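Have a look at the structure below, then the notes.
Values quoted throughout were computed directly from the atomic coordinates according to the rules given, and no laboratory measurement underlies them. No experiment lies behind these values; they were computed from the predicted model shown. Cβ atoms come from the backbone with ideal geometry, glycine included; neighbour counts cover every protein chain shown.
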Amino acid sequence: MTVFSRMLNTQALMFVYVVVGIIMAKTGILKHEGRSSFINLLLDITLPCMILNSFNVDTNIEQLIAAGEIMIISSVCVLIAWITGKIFWRNQPVERKAVLEFSTLFSNAGNAGMPIVASVFGTEGVFYASFYLLPVRILIWTVGLSLFVDERDTKKRIMILLKTPSLVVVFVGIALMFMPFKLPAVLSTAIKNIGDMTGPLSMMIIGAALGESKIREALDIDAFKLTAVRLVVQPLIFLFIFRSLGVSTILWQVAVTLTAMPAAANTEIIAEMYGKDYAFAARCVVVSTVVSLFSVPILTLLF
């Protein structure tokens, strides 16, 4: 089965989960105030378990070298995205500029991207994706937050970073790789099964958010511009660069897949926290999420 076929099947499955989330929101099964508990479950439990499971495998020196390579690729992607954001959004008002630049820099690679990578590329893909996200998670709470807050909040940003379970568990996983033993079978199975909940849970949460949104409010031209940059322009740039440089196939495919994800789900939360246009941020997340269900499989035709 080709990457396109696997991606198409995965996105179709994710779409079903999204629809379930929409139904849950519309029928009141999952209310707005209850969604935060599901988000905490995703970010603090299921996603870290999925990441940890990817490290609980035998690795060789070639994979470790590739892991270092994909971290370099990740840093290059963020640098190019930063330049892209500065070019595209230089004339935007301050309230929207922060949202647009942040959304250009950071995709929903953790919540949405990791489950998709797991389905399409398997455990090896998650392993590389975890390393790809390592510099991203550091930059999102440093460079990313600097778009919204002043420099007096440096200590707060560092503390947020150190408390991020998905980042902490990467270092736990790296330590596990070098241990002379593996986790007990029962514990490994539990971690894997909990981690497997990440895909359905993340998509149902996104679906619930879509279910609360009004279609008319989503019709914002800047949100569609951001979506074009986020889902089309940047992935094509990265695909061209890394294929031209002869980067290992699975590395550039994982990297491009993660960069082709919609705007980061926490964009709205951070914007509201620091007094920026959070309603606009929500529209960017909603529009880019819906479009990504169709754009990502199409992109993989170039793989």
Would you mind ranking Val172, Val120 by Cβ crowding within 10 Å, fewest neighbours first? Val172, Val120
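For a test of understanding, tell me how many lysine pairs in the chain have Cα atoms under 17 Å apart, given they are 8 or more places apart or on different chains.
Details: Lys26/Lys214; Lys31/Lys214; Lys86/Lys97; Lys86/Lys225; Lys97/Lys225; Lys97/Lys276; Lys155/Lys163; Lys182/Lys192.
Within the chain, the lysine pair count is 8.
Compactness ratio of segment 26-74: Cα Rg over 2.2 N^0.38 Å, N = residue count? List each step's numbers first, then the result.
Working: Rg = 17.5 Å, N = 49, 2.2 N^0.38 = 9.7 Å.
For segment 26-74, the normalised Cα radius of gyration comes out at 1.81.
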Express the relative contact order of segment 3-302 as a whole percentage, based on alpha carbon pairs under 8 Å and six or more residues apart in sequence. 35 percent
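Taking neighbour Cβ counts within 10 Å as the exposure measure, how do Val247, Val285 sort from fewest upward?
Working: Val247 18, Val285 29.
Lowest to highest Cβ neighbour count: Val247, Val285.
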Taking a temperature of 20 °C and a viscosity of 1.002 mPa s, what whole-number D in µm²/s does Stokes-Einstein yield for the chain with Rh from Kirkwood over alpha carbon pairs? 110 µm²/s
Based on a Kirkwood Rh over C-alpha pairs, give the Stokes-Einstein translational diffusion coefficient of segment 54-154 at 37 °C and viscosity 0.692 mPa s in µm²/s. 220 µm²/s
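Take Met159, Met7, Met24 and order them by how many other Cβ atoms sit within 10 Å, fewest up front. Walk me through the intermediate numbers first.
On the way: Met159 10, Met7 25, Met24 20.
Listing Met159, Met7, Met24 from fewest to most nearby Cβ atoms yields Met159, Met24, Met7.
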